[in-house]
Amino acid sequence: MSYLLNNPFFGIGLSVLVYGIGEYFYHKTNRFVLFQPLFFGMLLGIGLLVLIASILKAPVQKVYEAYQVGGDWLFWFVAPATVSFAVPLYKRNDIFKKHWDVILMALAIGLLLSLFGIYGVSRLLGLTDAALGAMLVQAATTPIALPVAESVGGDQAIAAFAVILNSVLIYALGDHFIRWFKLHKNPLGAGLGFGIAGNAVGATKAIEVSEAAGATGAIAFVVAGILVNFMVPGFAQLIGLG
């Protein structure tokens, strides 16, 4: 077992295993929210790491560090995989050319409203400044969200969890949102909503709706990251954070 922990394939294998189990149950239960692969895989992975640490009578932190070596290998592929969103964007670049002003305005206003909403709810719940700073960046993908959260005094661990949880909820509830708001008739609105609310995972969900929704989802996902980079530090200054 100790040899396994010293092998980078421990982290890779465990990640693929828990995701695969989540994927299996997600489809077996007709897409039950709690079995969404990212969410379920994250919880199952944490449980297995704690179990392995208990069996080996080793600190959980040590087991996690051994897992992280392989996990980082997988994480490296996130950036190249993100480039794949350029495919639907290239195929339907006419959408951005035609609606660029509406897209930019809608995303900027949507992000600003979400920042005020997060601030209000955080203060209502009595969250710390570190938690508030972490929550403000959840519209961006992790590589952008973490440094921005740190720059405004946010906790990076909370920021990472907020981004993942936000994405999982959007992916899991996406079909319901489409039905409730009749977004199947409005691919532009569906793509923008999924892209800014669920970043890369949301953009993936948008592709399932239609090619046009996938293109606008990719646009929203990219633009949301840029807007978070500029708007969150300014908003943090406005509310006296950081």
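Here are a few things to note about the model shown:
- Percent of Cα-Cα distances greater than 26 Å, calculated over the chain: 45
- Computed from backbone phi, the HN-Hα couplings of segment 14-25 come to 5, 4, 5, 4, 5, 5, x, 5, x, 4, 4, 5 Hz, rounded to whole numbers (Karplus: 6.51 cos²θ - 1.76 cosθ + 1.60, θ = phi - 60°; Gly and Pro given as x).
- Among the chymotrypsin sites (Phe, Trp or Tyr not before Pro) found in segment 180-241, those both in a DSSP coil and sparsely packed, with 16 or fewer other Cβ atoms within 10 Å of their Cβ, are Phe181.
- Placing a label point 7 Å from the Cα of Ile21 along the Cα-to-Cβ line, the residues of segment 51-81 whose backbone N sits under 12 Å from it are 51-52.
- Residue among Leu44, Leu34, Leu124 with the largest mean-square fluctuation in a Gaussian network model of the chain, springs linking Cα atoms under 10 Å: Leu124
- Kirkwood hydrodynamic radius of segment 1-78, Cα pairs, Å: 12.9
No lab work stands behind these numbers, since they all come straight from the coordinates. From a predicted model like this one, the values you see are computed outputs, not experimental measurements. Because the Cβ atoms are built from the backbone with ideal geometry, glycine has one as well, and the counts that use them run over all protein chains shown.
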